[in-house]
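Data first, discussion second: the structure below is written as structure tokens.
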Amino acid sequence: MVNIILFGPPGSGKGTQSEKLVSKFGLVHLSTGNLLRQEIADKTPLGLEAKNFIDKGQLVPDEVVIGMIDTCLEKHNEAKGFLFDGFPRTVAQAEALDKLLSLRKTAISKVLALDVSEEELVHRLLERGKTSGRTDDTDEGVIRRRFQVYRNETEPVASHYAKAHKLEHIKGEGSVDDIFEALSGRITPFFLAKVED
Ligand code: ADP
């Protein structure tokens, strides 16, 4: 299996690039943000609980998102690989993911981190908030809180994978197509390696 984590702060373009990457490589897209928004739209108990955290710019508790990922991995046990988007967001989630994958005799192949300046991120999120209907994108205070949470809780996930020599940084500013080419170039070798086996 080829398992990729697309990593980066809120607004770095993970969602946009994930859609293009999963269609190119045939991976299953696992976005915890999308899964949580679906739960909210369906008004499930999980969604109602998650909404309280999301609207404040806080993270949803680890056990909730880890449970969702476990269910998805189980549901797609025939997949040729996964693209994780917005997950893991804490070191505890990364450790849980490593365990869930190793139980399935697989592992993370690569973590691709999109680098974008904070000024550009705030601008993009406020723009997105005008049309996305996402309540967490309209309030600059909530956006700043999400960056703070990102720095404190999510950035250590990059170090976790850097230690395993799996982290690579990609410039996340420029055209969508150029960024897509850069990301694709890092993923393609994993598929070539498989063919040669
Ligand atoms: P962003 O565009 O900010 O990266 P997402 O769409 O990935 O946002 O997620 C929106 C919100 O959902 C986050 O701010 C957070 O509250 C919650 N969330 C998403 N994924 C996770 C996760 N892995 N762990 C905890 N909370 C999460």
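The values are calculated or read from the model by the stated rules, or taken from the named source; none is laboratory data. Everything numeric here is computed off the predicted structure, so don't read it as measured data. Please note: Cβ atoms are built from the backbone with ideal geometry, for glycine as well, and neighbour counts cover all protein chains shown. In case anyone asks, the SASA skips ligands and DNA or RNA and just uses the protein heavy atoms, side chains included. Shrake-Rupley method; radii C 1.70, N 1.55, O 1.52, S 1.80 Å.
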statement: Restricting attention to region 25-45, the residues that are surrounded by 14 or more Cβ atoms within 10 Å (Cβ to Cβ), part of a helix (DSSP H, G or I) and away from the ligand (no atom under 12 Å from the Cβ) number exactly 1
message: Name the residue that is farthest from V65 (Cα to Cα), counting only residues in region 85-113 that are in contact with a strand residue (DSSP E or B) (Cβ under 6 Å, 6 or more places away or on another chain) and within 11 Å of the ligand (Cβ to nearest atom).
response: D85
task: Report, by residue number, each residue of region 46-62 that is open to solvent by 50 Å² or more (accessible area, probe 1.4 Å), not in a helix (DSSP H, G or I) and not polar (S, T, N, Q).
output: D55, K56
- prompt: Do we find a residue being without any contact (Cβ under 8 Å) to a residue 12 or more places away in the chain and either over 14 Å from the mean Cα position of the chain (by Cα) or open to solvent by less than 70 Å² (accessible area, probe 1.4 Å) (or both) anywhere in region 5-22?
  reply: no
query: Hey, does region 174-184 have a residue that's farther than 30 Å from N77 by Cβ, under 16 Å from the mean Cα position of the chain (by Cα) and of a type in the set (G, A, S)?
result: no
message: Six or more apart or on different chains, Cβ atoms under 6 Å: show the pairs whose first residue is in region 111-133 and touching a residue at least 12 places away in the same chain (Cβ under 8 Å) and whose second is part of a helix (DSSP H, G or I) and open to solvent by 50 Å² or more (accessible area, probe 1.4 Å).
response: L112/R186
- prompt: What tally of residues in region 128-165 results from selecting those that are at pLDDT 95 or above and more than 12 Å from the ligand (Cβ to nearest atom)?
  reply: 12
